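In what follows, a structure is listed as structure tokens, so that the remarks can point back to it.
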Amino acid sequence: MSNPKIVPFYGAEDPCLFRIEREAMDRAGVLVSWLDEHLGSGLILDVGGENGYTAQRLTRPDRTVVPLEPAAGMIPAHRRNPFVRGIAQELPFAADSFDTAYATWAYFFPQIGSGDPGLDELERVVRKGGKIAICDNAGSDAFCRLYNLDISSPAVWWEERGFSKDILTTSFDFKTLNDAEELLQFYWDNNGKAEGAEVKQTIEYKIVVYSRFVSRTGRGEREG
């Protein structure tokens with residue numbers, strides 16, 4: 001029986017398409033650079049770590065990244081990082097286990113109706129003063145304008161919970177037009193194709209990072 005708390009993810013069924021997505025999305029590494037600068041050292045939790053694409057790039061001698069992934073099909077047989085299977089709303093870790101935590105395009109709290117339970121779990125397992133960073137679509141860019149549906153993240157939801165935000169400007173850079181067409185068609189099938197939308201090899205894209213420090217006295221402290 002499927003778990004209603006797990007959002008189905010196409011990557012476990014179509015690893016080739018997932019590879020196209022992850023290689024093209026922010027090929028310049030703008031987000032990884034931001035995370036590398038702001039996460040610090042110690043033990044880091046990657047919620048919804050998929051196949052470890054981001055975790056591998058953030059691992060360094062003074063930092064261990066633990067990807068948490070619900071789908072067995074996403075966890076590689078040969079892996080560098082210590083993967084753990086589990087779901088965001090019921091993290092299988094003791095309180096204060098991690099120095100910081102992040103999620104990249106995997107923690108769609110409000111959309112799946114389980115935002116606060118997941119956030120409460122992050123606050124439980126990250127030590128006081130540790131950072132939580134959630135990365136998602138910022139909107140107001142060429143990529144998000146390709147679709148009929150609004151695929152940008154709900155900024156108000158995060159701001160109401162004490163998060164500040166940083167907007168990172170990058171792009172989808174595909175190796176070939178065929179790769180772009182394959183991935184964009186998949187997105188259009190799920191989100192609708194906006195009038196005038198075209199396949200391009202390079203597409204402007206903006207990422208929002210919501211972040212704040214964990215506080216045991218409330219819903220966190222706004223970065224200042």
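Please treat every number below as a calculation from the coordinates, not as lab data. Please read all numbers here as calculations on a predicted model, not as lab measurements. Neighbour counts are summed over all protein chains in view; Cβ atoms, including those assigned to glycine, are modelled from backbone coordinates with ideal geometry.
Normalising by the residue count of the chain, find the relative contact order in percent from Cα pairs under 8 Å and 6+ residues apart. Each step should come with its number before you reach the end.
On the way: 420 pairs, mean separation 46.0, N = 224.
Normalised by residue count, the contact order of the chain is 21 percent.
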Quick one: angle between helix 115-125 and the longest Cα principal axis of the chain, in degrees between 0 and 90, rounded to 10, please. 50
One-quarter of the Cα convex hull surface for the stretch 120-217, in nm²? 7.5
Given points 7 Å out from each Cα along the Cα-Cβ axis, report the ALA194 to GLU182 separation in nanometres with one decimal. 2.5
Against the 2.2 N^0.38 Å scaling, with N counting residues, where does the stretch 44-155 land? I'd like the Cα-based Rg ratio to two decimal places. 1.11
For the chain, find the longest principal axis of its Cα atoms and tell me its angle to the long axis of helix 15-24, 0 to 90°, nearest 10. 90
If packing is taken as the mean number of other Cβ atoms within 10 Å per residue, what is the order of 76-83, 42-49, highest first? 42-49, 76-83
Taking the chain, the lysine pairs whose C-alpha atoms sit under 28 Å apart (8 or more places apart or on different chains) add up to 12
Distribution output for the stretch 12-213: share of Cα-Cα pairs per 5 Å bin in percent, first bin at 0, values 1, 7, 15, 19, 21, 18, 11, 5, 2, 0, 0
With a sphere of radius 13 Å drawn around the Cβ of VAL208, what net charge do the other residues whose Cβ falls strictly inside it have (Lys, Arg +1; Asp, Glu -1)? -3
